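Written below as structure tokens is the structure these notes are about.
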């Protein structure tokens, strides 16, 4: 986002939204101003109040799409809800708490995706090594002789060959068996946990420490 000028932001919006040049220019400038405000120190930032934008218009002119695309550009959470209001028949729509809750859940999802992307390469490397361990298990002991079938050098060559075949997807038809540790599921009793009469504590964590772990093949 820091490399995008208002003109470039408008160009990104033009790829998905037809027309609404004035609206796209206004939101692009506002987004850039918010980014500039974030670069200020804490004391100076208090002196610069951010301005919100209220887009008004009939259905189908692109208000939601502009907001959605801006959220994608800035990595911000985005939700679309029917705001709470009163009508002739009474209360209608979503309350503020549920809106904020959904927005926070979306924000958590964005952070989770970003963190997963950060560890994806290391996770794939570990998966490959785990599969190589299953496909070419180490012998109980190694022979001293270099030319032996159970020598460390021969074992490493076998692992490298298996690793290359695995990366090249030549072992897709092979089946391996591994043990997966299953966590104990806590059973919530009346009066325990949030909203109960008893003290709130981590039942799940306590059971995981007390009960034996279950391994599933």
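The values are calculated or read from the model by the stated rules, or taken from the named source; none is laboratory data. On a predicted model such as this, the values are computed, not experimentally measured, just so you know. Heads up, the Cβs are rebuilt from the backbone with ideal geometry, glycines too, and the neighbour counts pull from every protein chain shown.
What to note about this one:
- Pairs where the first residue, in region 173-192, is assigned to a loop (DSSP other than H, G, I, E, B) and the second is modelled with pLDDT under 65 and loosely packed, with under 10 Cβ neighbours inside 10 Å, C-beta under 7 Å, 6+ apart: 191/197
- Of the residues making up region 39-92, those that are more than 29 Å from residue 16 (Cα to Cα), at pLDDT below 80 and surrounded by 10 or more Cβ atoms within 10 Å (Cβ to Cβ) are 84, 92.
- Residue match in region 62-71 (condition: assigned to a loop (DSSP other than H, G, I, E, B) and on the phi > 0 side of the Ramachandran plot): yes
- Any hit, region 15-27, residues being under 25 Å from residue 99 (Cβ atoms), touching a helix residue (DSSP H, G or I) at 6+ places or on another chain (Cβ under 8 Å), in a helix (DSSP H, G or I) and at pLDDT 85 or above: yes
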